[in-house]
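> Okay, here's the structure, questions in a sec.
The values are calculated or read from the model by the stated rules, or taken from the named source; none is laboratory data. No experiment lies behind these values; they were computed from the predicted model shown. Cβ coordinates were reconstructed from backbone atoms using ideal geometry, including for glycine residues, and neighbour counts include every protein chain displayed. Each accessible area value is taken on the protein alone, full model and side chains, heavy atoms only, with ligands, DNA and RNA left out. Shrake-Rupley method; radii C 1.70, N 1.55, O 1.52, S 1.80 Å.
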Amino acid sequence: GFVATIIVTLLILGTFFPTYASNIPGVKNVISFLNRNKEIEGYEEVVTPIMKTIKVEGYDINIESAYYNGQELTLFYNIVGQEKLDTSDPYWFNLKVDYGSPAAYEYNLEYGEFLDENTFAGMILVYINPHDGSNPPKIFNGTLDITNLCVGYGNDNMEIESETIQLSLDSTNLNIKEFP
């Protein structure tokens, strides 16, 4: 009975309290979380390392990698402060996405946590909706422009002037099975 209780407890903790901080991007765990109503294989082929660093007023924004599933663009990043970060607020950024077709897009911080007192690691999910009602392309060739560093959800923004990031992400290798 004791061993069964330990196993059940570990399964519950592993399911409801996953930690990604040790190796953000922990792509497999995060993608599984985001697509919990879908069975996805082949995502390893479409995760693209970017490793772009943008410096702004005492912070480094490191864009580590991007994932694209044909509908949504997911960015994995960390923000490193030269001084200790305020651990009561998340750190994220505003962005502009362009892939050559008129589209609306929404983005938000989906997940993030502090790796240490100077580092916040996070994941931003961008939902893409073409104006003509079609689906986004299976191969995303476009640019990403980071415009502001945001601390918390208020108006504490720092404007950023940096080069755009070129993205070429192919989702055609994904095998997706949707469940109702």
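> Skipping prolines and chain starts, which residues have an amide H placed within reach, meaning under 5 Å, of the one on Ile160, given they are 5 or more residues away or on another chain?
Residues meeting the criterion, in which the H sits 1.01 Å from N, are Asn148, Leu149.
> Let me ask another. If eta is 0.890 mPa s and T is 25 °C, what Stokes-Einstein diffusion coefficient results for region 70-153, Kirkwood Rh from Cα pairs, in µm²/s?
175
> What whole-number value in Å² describes the accessible area per residue of region 63-180 for a 1.4 Å probe?
On a per-residue basis, region 63-180 sits at 51 Å².
> Once you place label points 7 Å from the Cα toward the Cβ at Glu163 and Asn118, how far apart are they in nm?
If labels sit at Glu163 and Asn118, their model points lie 2.6 nm apart.
> Sticking with this structure for a sec: Which far-off residues, 5 or more places away or on another chain, put their amide H under 5 Å from the one on Tyr111, with H placed in the peptide plane?
Met123
> Using r as the Cβ-Cβ distance of Met51 and Ser101, and R0 as 25 Å, what FRET efficiency do you calculate, to the nearest 0.05?
0.40
> On the full set of protein chains, 1.4 Å probe, figure out the accessible area of Lys84 and give it in Å² to the nearest 10.
Here the accessible area works out near 140 Å².
> Taking a label point 7 Å from the Cα of Asn129 along the Cα→Cβ vector, which residues of region 105-119 have an amide N closer than 19 Å to it?
From region 105-119, the list is 105-110.
> Ranked from highest to lowest mean number of other Cβ atoms within 10 Å per residue, what is the order of the peptides 60-66, 147-153?
Per-residue mean Cβ counts within 10 Å order the peptides as 60-66, 147-153.
> While we're on this one: Counting only protein heavy atoms and using a 1.4 Å probe, what share of the accessible area of region 76-132 belongs to carbon plus sulfur, as a whole percent?
42
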